[in-house]
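S.K.: Before anything else, here's the structure in question.
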Amino acid sequence: MNDLRQQALLDFIRHLASAVTTASIYPLEHRQVGNLCSQAIDSLLEAIDKDSEISLKRVDDQMILGGKPLGGGMYPIRLASMLKHRGIGHLKISRFVEQEEILNLIDGLSRKDRAEIRSTENVRLGKLELRYNPTEADKSSTGEQGEVDKPGYDDLTEEQLDRLMEIYEATKKKKKIHSVGISEIVSSFIAAFTRESNPLLALAPLRQMDEYTFTHSINVCILNLAQASAMGIDGPLLHDLGVAALLHDVGKLQVPIEVLNKPEKLNDAEWEMIRQHPIEGAKFLINAPGVPRLAVATAYEHHLRFDSSGYPSNGHNREQNISSHMTSLSDAFDAMSTHRSYSSASDLPEVATTLKYMGGGQLHPLLTENFLKILKKLHPNLELG
């Protein structure tokens, strides 16, 4: 499949996922559902081109096309989550599909109950279930030699993900945000932490989204909750630490995307935009109702370092909040572990070794030690250089 057809397929998935979300709020007969359904079919036919059908498989939380994971960001992941919720592992759609058949699929995926979605003549649904293959490290940490269950982050619903995206879009437009949705999302992560032996596995599926700031913030939230839980922090403070982590980078939403993703060295004006994002984030959050003050401090301080370097300038050598120190650690770990347009991802031993040598300088030494203990517990064979 060439690039144009693959983009059309991604557009189909985006329209379909959006239609399902809309149909979960409004009646199936709503005009917006119909519009999205029509757009989905148009994109689907462009993707199919001269073939007879499109065949998609779901492997855990990824959509697979032709034996390879389908990229394209958050919408394929959302569709995979919808199919997973219904126990569907295979979706095959013919070029002769009718709008009523796509509406039937949208209706089935949007229903609150788990009623079976029936295949139609041109939309075939299968129960094929391909499982995540564990690495040797995963096997040793779970004690299992076969399948390994991935964490149950189904607590984070499609509605909550949509709400978080709405919050980020509102922030871009400098509109007021409401903290209720954020609190629900953090509570979902905390609830999952009480059940899962390896919460950091949740980072893997989220990494595929194309909204880097969005997914990076979720990852930092998970990592901060892991740090805090390991230190015995719980209750309201744990919750506020999670909220602060989730919102730490909101100021970056005011920076043009071409600057954030620029592969070349930033010029002086572009670098100044980056340096201003902690200030912009704090100014935005201080006026947001229901957002804990800890989030304001964390947004402002998360690029200040333990040795007082970093930005904004810490001329008075003010003592940073523990949430800011934790966020600096999580931020560094996720940034080094993630492929970006201007840097490739490093493997875990390299990242862990780098953090070790940053402890006591840029990073808080005791928190760094705690973070490395978490990694060693989850990866017993981890060797530090």
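The values are calculated or read from the model by the stated rules, or taken from the named source; none is laboratory data. Quantities reported herein were computed from a predicted structural model and do not represent experimental measurements. No Cβ is skipped: glycine too gets one built from the backbone with ideal geometry, and neighbour counts run over all protein chains shown. We work out accessible area using only protein heavy atoms, side chains counted, and drop any ligands, DNA or RNA first. Shrake-Rupley method; radii C 1.70, N 1.55, O 1.52, S 1.80 Å.
S.K.: Here are the criteria: (1) touching a residue at least 24 places away in the same chain (Cβ under 8 Å); (2) out of contact with any Lys or Arg (no Cβ under 6 Å at 6 or more places or on another chain). Tell me which single one H277 does not satisfy.
M.R.: Failed condition: (2).
S.K.: Still on this structure, I have one more. Restricting to the range 38-74, give me the number of residues that are open to solvent by less than 40 Å² (accessible area, probe 1.4 Å), out of contact with any Leu (no Cβ under 6 Å at 6 or more places or on another chain) and over 17 Å from R124 (Cα atoms).
M.R.: Total satisfying the criteria: 7.
S.K.: Right, another one. For the subset of the range 224-238 comprising residues that are assigned to a helix (DSSP H, G or I) and of a type outside the set (A, V, I, L, M), which member is most open to solvent (accessible area, probe 1.4 Å)? First the steps, then the outcome.
M.R.: Pass one, the range 224-238, residues assigned to a helix (DSSP H, G or I): 224-230, 235-238.
From what is left, the residues that are of a type outside the set (A, V, I, L, M) are 224, 227, 229, 235-236.
Numbers: N224: 0, Q227: 0, S229: 51, G235: 42, P236: 108 Å².
So the residue we want is P236.
S.K.: Take the residues in the range 110-128 that are surrounded by 14 or more Cβ atoms within 10 Å (Cβ to Cβ) and of a type in the set (A, V, I, L, M, F, W, C), then tell me which one is nearest to L44 (Cα to Cα).
M.R.: V123
S.K.: Take A17 and decide whether it is buried (at least 21 other Cβ atoms within 10 Å of the Cβ) and modelled with pLDDT of 90 or more. Even if it seems obvious, please write down each step before you answer.
M.R.: Working: buried (at least 21 other Cβ atoms within 10 Å of the Cβ): yes; modelled with pLDDT of 90 or more: no.
No: the conditions fail for A17.
So that you can scan it fast, the table gives a plain yes or no per residue for (1) in contact with a Gly (Cβ under 7 Å, 6 or more places away or on another chain); (2) among the charged types (D, E, K, R); (3) within 26 Å of E369 (Cα to Cα); (4) part of a loop (DSSP other than H, G, I, E, B):
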| residue | (1), (2), (3), (4) |
| --- | --- |
| I222 | no, no, yes, no |
| D240 | no, yes, yes, no |
| K252 | no, yes, no, no |
| E270 | no, yes, no, no |
| I274 | no, no, no, no |
| G281 | yes, no, no, no |
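S.K.: Out of all the residues in the range 83-109, which are surrounded by fewer than 15 Cβ atoms within 10 Å (Cβ to Cβ), without any contact (Cβ under 8 Å) to a residue 60 or more places away in the chain and more than 15 Å from L45 (Cβ to Cβ)? Break it down stepwise before answering.
M.R.: Kept after step one, since they are surrounded by fewer than 15 Cβ atoms within 10 Å (Cβ to Cβ), are these residues of the range 83-109: 85, 87, 96, 98-100.
Add one more test, that the residue is without any contact (Cβ under 8 Å) to a residue 60 or more places away in the chain, and what stays is 87, 96, 98, 100.
Selection gives G87, E100.
S.K.: Pick from the range 263-294 the residues that are of a type in the set (D, E) and exposed (fewer than 14 other Cβ atoms within 10 Å of the Cβ): which of them is farthest from the chain's Cα centre (by Cα)?
M.R.: Start the filter on the range 263-294 by keeping residues that are of a type in the set (D, E), which leaves 264, 268, 270, 272, 280.
Those still in the list that are exposed (fewer than 14 other Cβ atoms within 10 Å of the Cβ) too: 264, 268, 272.
Details: E264: 26, D268: 31, E272: 27 Å.
Among those residues, the one meeting the criterion is D268.
S.K.: So is L91 under 19 Å from D11 (Cα atoms), part of a helix (DSSP H, G or I) and not basic (K, R) or not?
M.R.: Values: under 19 Å from D11 (Cα atoms): yes; part of a helix (DSSP H, G or I): no; not basic (K, R): yes.
Considered against the rule, which asks whether it is under 19 Å from D11 (Cα atoms), part of a helix (DSSP H, G or I) and not basic (K, R), L91 comes out as no.
One line per residue, one yes/no per condition, for (1) surrounded by fewer than 20 Cβ atoms within 10 Å (Cβ to Cβ); (2) closer than 24 Å to W271 by Cα; (3) in contact with a helix residue (DSSP H, G or I) (Cβ under 8 Å, 6 or more places away or on another chain):
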{"residue": "V296", "(1), (2), (3)": "no, yes, yes"}
{"residue": "E301", "(1), (2), (3)": "no, yes, yes"}
{"residue": "M336", "(1), (2), (3)": "yes, yes, yes"}
{"residue": "Q362", "(1), (2), (3)": "yes, yes, yes"}
{"residue": "E383", "(1), (2), (3)": "yes, no, yes"}
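S.K.: Just wondering, is there one or more residues in the range 306-323 that are in contact with a Phe, Trp or Tyr (Cβ under 7 Å, 6 or more places away or on another chain), open to solvent by 20 Å² or more (accessible area, probe 1.4 Å) and modelled with pLDDT of 90 or more?
M.R.: Checking the range 306-323: not a single residue is in contact with a Phe, Trp or Tyr (Cβ under 7 Å, 6 or more places away or on another chain), open to solvent by 20 Å² or more (accessible area, probe 1.4 Å) and modelled with pLDDT of 90 or more.
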